[in-house]
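*Asks:* For reference, the structure I am asking about is given below.
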Amino acid sequence: VNALVAIYVYTVLPEFLFRFVCWILSNTTYRLRVEGEDSFPPNGPAVLVCNHVSFVDWLLISAACPRPIRFVMDHSFMKIPFAGRFFKRGKVIPIASQKDHPAIYAAAFEAVSAELRAGMWGSFFSRRHGRAMSKPFRRIWSRVRLTVGAPIPAAQANAAHLQATVASLLGVPNPTIPEKSATASVRG
């Protein structure tokens, strides 16, 4: 009976299946340690800013965050047969460059805005040793640390402040940002 109820829930609300699969994969593949998990905002619109060091960052963040997340991902990943269906069921928002696909670009920003209104470094997938996924698995069940910082009000969310915050969470010096990209707009 539990299995039937679970199948029904996952059919009606596919993002729960997405998050469950992410949790299973993250915790069987890595020894995931989350620092500051109480810093995830419990409700309301929020934008997560990540330093994106590997192709499985989304997986680890999905496993660690206690609330549903909508990821923005390059539209080409949606064309991968099994993975594309998995991403669509997980409500991933496809995006493309404005120059190459203006309609996909515009639709992505509309979807992000609507969602806000509603409320592995060193692994096979990492870019640490050059191109990701170009060498065989180095190890399984690696230690992974995910650090969550305190929420930042939208009024303070500019590129320079966000970059400094991510650098401080990593414990590294803050690199400077070129002047023209030192601001970011937050919609929502």
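*Asks:* Among (1) surrounded by fewer than 16 Cβ atoms within 10 Å (Cβ to Cβ); (2) touching a Cys at 6+ places or on another chain (Cβ under 8 Å), there is one condition residue 66 misses while meeting the rest; what is its number?
*Replies:* Condition (2) is where residue 66 drops out.
*Asks:* So, of the residues in segment 34-69 that are of a type in the set (A, V, I, L, M) and assigned to a loop (DSSP other than H, G, I, E, B), which turns out to be nearest to residue 164 (Cα to Cα)? Walk me through it before giving the result.
*Replies:* Looking only at segment 34-69, we keep the residues that are of a type in the set (A, V, I, L, M), and these are 34, 46-49, 53, 56, 59-61, 63-64, 69.
Remaining after also requiring assigned to a loop (DSSP other than H, G, I, E, B): 46-49, 53, 56, 69.
Details: 46: 19, 47: 16, 48: 15, 49: 12, 53: 17, 56: 23, 69: 23 Å.
Out of the qualifying residues, it is 49.
*Asks:* Does residue 6 count as surrounded by 14 or more Cβ atoms within 10 Å (Cβ to Cβ) and of a type outside the set (Val, Ile, Thr)?
*Replies:* Here the answer is no, as residue 6 does not meet what is asked.
*Asks:* Residues to consider are 160, 150; find the one that is in a loop (DSSP other than H, G, I, E, B) and at pLDDT 85 or above.
*Replies:* 150
*Asks:* Any idea which of 107, 103 is over 21 Å from residue 26 (Cβ atoms), modelled with pLDDT of 90 or more and surrounded by fewer than 11 Cβ atoms within 10 Å (Cβ to Cβ)?
*Replies:* 103
*Asks:* Further question on the same structure: Taking residue 111 and the conditions (1) in contact with a Leu (Cβ under 7 Å, 6 or more places away or on another chain); (2) under 24 Å from residue 162 (Cβ atoms); (3) among the hydrophobic types (A, V, I, L, M, F, W, C), which numbered condition does it fall short on, given that it satisfies the others?
*Replies:* Looking at each condition in turn, residue 111 falls short on (1).
*Asks:* On the basis of being within 15 Å of the chain's Cα centre (by Cα) and open to solvent by 40 Å² or more (accessible area, probe 1.4 Å), does residue 22 make the cut? Give the steps one after another, and end with the answer.
*Replies:* On the way: within 15 Å of the chain's Cα centre (by Cα): yes; open to solvent by 40 Å² or more (accessible area, probe 1.4 Å): no.
No, not satisfied.
*Asks:* A further question follows. Is at least one residue of segment 129-144 of a type in the set (D, E, K, R) and at pLDDT 85 or above?
*Replies:* Looking for residues that are of a type in the set (D, E, K, R) and at pLDDT 85 or above, one finds none in segment 129-144, hence no.
The values are calculated or read from the model by the stated rules, or taken from the named source; none is laboratory data. This structure is a prediction, so every number in the text was calculated from the model and none was measured. Methodologically, a virtual Cβ is constructed for each residue, glycine included, from the backbone with ideal geometry; neighbour enumeration extends over all protein chains shown. Note: accessible area is taken over every heavy atom of the protein model, side chains too, but ligands, DNA and RNA are not part of it. Shrake-Rupley method; radii C 1.70, N 1.55, O 1.52, S 1.80 Å.
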